[in-house]
1. Using the Cβ atoms and a cut-off under 14 Å, what net charge is assigned to the surroundings of Lys461, where Lys and Arg are +1 and Asp and Glu are -1?
2. Explain nothing, just the number: dipole magnitude of segment 658-721 about its Cα centre with +1 on each Lys and Arg Cβ and -1 on each Asp and Glu Cβ, in debye rounded to the nearest 20.
3. Quick one: what do you get for segment 627-674 if you divide its Cα Rg by 2.2 N^0.38 Å?
4. Only bridges whose two residues both fall in the chain count here: according to DSSP, what percent of them are antiparallel, nearest 5?
5. When a/c is below 1.5 the answer is rounded, else prolate if a/b is larger than b/c, else oblate, so apply that to segment 460-583 with a ≥ b ≥ c taken from the square roots of the Cα gyration tensor eigenvalues.
6. Can you pull the percent of segment 318-419's accessible area that's carbon plus sulfur, 1.4 Å probe, other chains left in place?
7. Could you work out how much longer the chain between Asp75 and Ile125 gets when fully extended? Use 0.36 nm per residue separation minus the Cα distance between them, nm to one decimal.
8. Just to be sure I understand: if I project the alpha-carbon convex hull of segment 86-149 onto a plane and average over all orientations, what area do I get in nm²?
Amino acid sequence: MKNFLLLIVTTLSINVFAQTLTLESIFKDGVLRPEGIAGFQPMPSSDFYTVTTKFTIDKHNFATGAYVTTLLSNDILNALSKDSLTVAKIYSYSFSKNENKMLIATDIEYLYRRISKGFYYLYDIQANKIIPVSQKEKGKISFATFSDNGEKIAFVRNLNLFYLDVKTGKEVQVTFDGKENHIINGLPDWVYEEELGVDKMFSWSPDGKCLAYTRFNESNVKEFSMTMWGELYPAEHKFKYPKAGEDNSVVEIYVYHTEINKSVKVDIKANEEVYYPRFFWLSNSVDLMVLQLNRFQNKLEFVKYNVLNHNYSIVFADTNPYWLNVTHNYYFLNNNNSMILTSEKDGFNHIYLVDFNGNIKQLTSGNWEVASIQYVNYKTKQIYYLSNENDPLGRNLFVVDFSGKKKTRLSKGEGWNTSTFSATGNYYRNSYATPTQPPYHTINDSKGNELRVLQDNAKLKAAMKEYNCVSKEFFQFTTAEGITMDGWMMKPADFDPSKKYPVLVYTYGGPGSVEVNKNFNVETWYQYLTQNGYIVACADGRGSGGKGDAFQKVIYKQMGKFESDDQIAFAKYLKTISYINPNRIGIWGWSFGGYLSALSLFKGEGAFSMAISVAPVTNWRYYDNIYTERFQRTPQENPEGYDENSPVFWADKLQGKFLMVHGTADDNVHFQNAIDLATALNNAGKQYEMFFYPNKNHHITGGNTRLHLYTMMTEFIFKNL
C-alpha cells in the first residue's frame, strides 16, 4: 500500500510540475535532442581515437581514455594557413595509414545526399605544415583520399579524377573527358548514389601504384527537369534520372597505373546488363574484386580480375528468387583466396566464409538475422556482428570465430547496440539505447567489458522527466489473414482507460525497414501530440525487415499491396480496443510512408478517417529504376504491379480528410508525383488539401521550414482527427 501511494504522489507531482512542450521548443530549441561524441574517430592503425572540441582535435587512448596530445588546433591553423581556417570550420578529417598526415575538408556543399565537394588541406603532423590539396581557383574537389603509404592523394574535380604526388607537389590528371550530364569519372551517377549506397567510386591499391575508378557515361539517360523559383525568369535544373524501365548509364571500370601514366579498362564481359555496386583491392595489389549485379538484382557475382594479365573469373555467385540486398558486409582475407560476407541464402541474413575454389561455410544460422558485420579480426580469426537473435526487436553485439564456433554475446541488457572498433580490434565504442534510455556511449574491450563512459546523456534524461515524456508500449496482434505484427503505442501521461482517444498511426513500410524496435527515439512530435490528448501508434507489416525472406519478400512484384492491407488491418485492430475512438484513427508517413498512408486511406473503406502524405511516391513508374525494379521488375514486364498499387489508381475511393505535402525541388521523389495524384483526385471530384514548399528537396528543411511543416500538420490533425 505504501508503494501504491508513493506511485500516485510521484505521478501527480510529475503531472503538476512538468513543463509543456511546444512546437517551437521541439523544432527550434531542440530541448529533447541527444548528445553524441563530437568528432569521434578511431585512428587507422592504432588503439587511439580522436574527438573534437571547439578549438582542437585531440588524440585519446582507447585503453585508458587518457588525453595523449592535440593533433590540430586553432593556434596551429592560424600559424600555418592564410585561409582563416578554424577547427569549427572543419567538416571532416581523415588520416594517412601511418597516422603522420591529415586531410581536412572545409566549405563542404552537397550535390545530393552523399556526393559532396569542398576545399581540402593536407596537414603534415610531423613537419607541422599545411598545404591545399588543390588550388582554390581551380574549384572545389570531392573525396580527397590518401594512398595507403600516404604519398599520394586522389580526388575528383569537375567530374575528372586527379591525384597529388605529396613528395613533389605535382598534380596529375588521370581522366580528361568529364562533362556534366554526360561523363562522370570517379563518382556515381544519381541512381547509384541513392540506391546502391555509394559516393566515392575510386580506390587505391594497397601498394599505391594503381588507382581503380569508374566511368559513367550517362549520355543516353533521360533528363529530369526541376524549376527553381525566385528570379524574374525561374531557372531550370536538369539532371539525369533513370526512371523504372528506362536506360541506365553505361558504367565501365578502369585501372590507372601510376608508373606508366596509363588507364586500362577492366573488361569482364558480362552477358547481360549489370550494375557495379562495389569493387575492392585484394591485399596483393594485383587482384581487383568486382561485384557484378544483374539488372533484376537477384544475382550478385564476385569477379576476381588480375590487373597485370587481365585474366578474370567468377569466384562466387549469390542468387535469390526475389531480390538481393547489396551491403557493405564484404571482407577479404589476406590469403587472397577467401572472403567473409552476409547472404540470405537460407532465407535469413547470415554470415558465410567463402573461398575462391567454391567452398562455402555458413557461420551463423537460425530464424533471426545478422544486421551487419562490425569488425573482422584476421589475426584472432573472429567476426564481430550485430543481430536480433536473442531479441527480435533488439540489436546485440556477438562474436563468432571463422569456424562458426565459440559464439559469445558481448552486449548486455535489452535494447539496441551499435559499435565502432579500434583499428586493432582490441577496443570498441559501444552505443547502447532503449526506448527510455538515450544513447549511452562507452568504451569496451574486445570481450565486451565496459572500461569507461564517454557520454551518458543524463541531461536529456533529466529533460525527458522535466517534460513528462511518455515511453512506448510494445505489443503484438494477429490480423484476420493470420499475420502477426509487432507494434508500439504512446499514450498520454494522464491516460484514462475509461476515455475514448483519437489515434495517429505512423507508417514507413519500405522493404526491409523496421520501425518497431527497442532503439531510442524520444519522438518529440509524438510527445507533443500525447500532451494534447492523442495516442500515437505504429506497426510493422509484411515487407519489413528482420524476420527473414518469407515475411519481407512476399511483396515482390506487388509492392504496396500487402503493406497497405496490413496497415488497414492495424486500423481495424485498433478499433477493437475499448479506449480508442473507432471513428478517429488517422495515418501519416513520409516518402514510402507518404505513399503507404495515401494508399491505405484510399483502399481502407473508412478504416482511417484522415491521412497526411508527405513527399509520396504516387506512381512507381515515376521512381528510379534501381530501387523500383528491385522489387517490381520493369513496368514493361509487370504493368499490373505498378498500376494496381498506385494511389492514383485508387483516387476515386478516397474517404476522409487528406493532406498532401511536397517540396517542388525534390530530386528524389519528384513533385510530379503530387501533381498526378492531385489531377486524379480532381478528376474524381474528391476534396483534399495540398501544400508545397518552393525549392525544397525531399527532406523539406532549411530556415523556418521544418517548424512550418509540423505546425501545419499539427493544425490539420487538431482540426480533422
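1. Result for the neighbourhood of Lys461: 0.
2. 140 debye
3. 1.38
4. Here the share of antiparallel DSSP bridges comes out near 85 percent.
5. Taking the square roots of the gyration eigenvalues as a ≥ b ≥ c, segment 460-583 is oblate.
6. 47 percent
7. 16.6 nm
8. 4.8 nm²
The values are calculated or read from the model by the stated rules, or taken from the named source; none is laboratory data. Not measured: the values here are computed from a predicted model. All Cβ positions, glycine included, derive from the backbone under ideal geometry; neighbour counts span all protein chains shown. These area figures cover heavy atoms from the full protein model, side chains too; ligands, DNA and RNA do not enter into them. Shrake-Rupley method; radii C 1.70, N 1.55, O 1.52, S 1.80 Å.
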